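Since the structure comes first, as structure tokens, the remarks are kept for the end.
The values are calculated or read from the model by the stated rules, or taken from the named source; none is laboratory data. This structure is a prediction, so every number in the text was calculated from the model and none was measured. Don't worry about glycine lacking a Cβ; one is built from the backbone with ideal geometry, like all the others, and counts go over all protein chains shown. Keep in mind that these areas ignore ligands, DNA and RNA; they rest on the heavy atoms of the full protein, side chains included. Shrake-Rupley method; radii C 1.70, N 1.55, O 1.52, S 1.80 Å.
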Amino acid sequence: MAGPKSNSNLEGKLQERANGAGSNAPAVSPSQTIAAYLKKMEHQIAEAMPKHMNIERLSRIALTTIRTTPKLLECSIPSLIGAVMQAAQLGLEPGLIGHCYIIPYGKEATFIIGYKGMIDLARRSGNIQSIAAHEVYENDFIELTYGLEENLKHIPWFLRKDEKPTVSGQVIGAYMVAKFNDGGHFIHYMPISEIEAHRKRSKAANNGPWVSDYTEMCKKTVVRSGWKWLPISVEIASAVTQDETTRKDITAPDDNLIIDISAQQSTSTTNGEPEGSTGNATNGTQNELELE
């Protein structure tokens, strides 16, 4: 496998092609460059994936996530491919259903596990009967007792019968409940002050899911905090160490990745089709990426 120097040369060549330097070929967009690199790496990514995942589906979802987040198109290619590789290794899909996210942090892509991804990883252990997390609002009723007889009672604000609040109020905390196959259970509650303290330590504190999916990240945080008390394998437990990390050691099999754009000028430039639209497969206007 190519080393760091080779990887640097490869990224430089890709950037030259993206700028149209040294070639009469049309300039290659960042989106096309990333798509080509991802295609080249499909075999290596597929080898890291669990059996329940499909490389074509993961590639399609990852590319859609990258294309719909302009800042990701400015990130380094190794960090982007590294994030996709991390998702593949954990068997999680980025974006869409909230398993995990790829977030731009400067010029590097950061991999973040989502709430549903944490739950999915915990369930794979085989020792957990059920696991769930919930956010708690200011006007909810919640009663939690720790000790020899742990007890949790949570009534959402809109189901309360003792009072009739008309709004939820602010999020004041979150909790997780896990039931084990042996009959045991685990309850873990975090007040919003502790959740916010964790958020402030995150590189993506002010963008990504902490902004778009705040309550989901509150639930993810409480699950991650209670992770060490769950009966899960070392392999599954170690997966969490990849959360909020940037991986840049991904290289192509060689540095001879050449991108050729074989396409005629579109005759329908006014039809409003976005970049990457396939259009009619028979009209000869679709750009094709060929990897040599």
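Tell me the label-point distance for the pair residue 212, residue 186, using the 7 Å Cα-to-Cβ offset, in nm and rounded to one decimal.
About 3.0 nm, to one decimal.
Just grab the label-to-label distance for residue 143 and residue 172, each label 7 Å out from Cα along the Cβ direction, in nm (one decimal).
About 1.5 nm separates the two model spin labels.
With a cap of 15 neighbouring Cβ atoms within 10 Å, and only residues DSSP puts in a loop, list the GluC sites (Glu not before Pro) found in segment 152-219.
Qualifying residues, ordered by number: 163.
Straight-line reach from residue 220: which lysines have a Cα under 21 Å away, not including same-chain ones fewer than 8 places off?
116, 153, 179, 200, 203, 228
Out of residues 5 or more away from residue 172 or on other chains, whose amide H comes under 5 Å of its own, with H placed 1.01 Å from N in the peptide plane?
For residue 172, the qualifying residues are 136, 137, 138.
So how much accessible area does residue 60 have, in Å² to the nearest 10, using a 1.4 Å probe?
About 140 Å², rounded to the nearest 10.
Sorted by accessible area (1.4 Å probe), largest first, how do 177, 211, 222 line up?
So, going from the largest accessible area down, we get 211, 177, 222.
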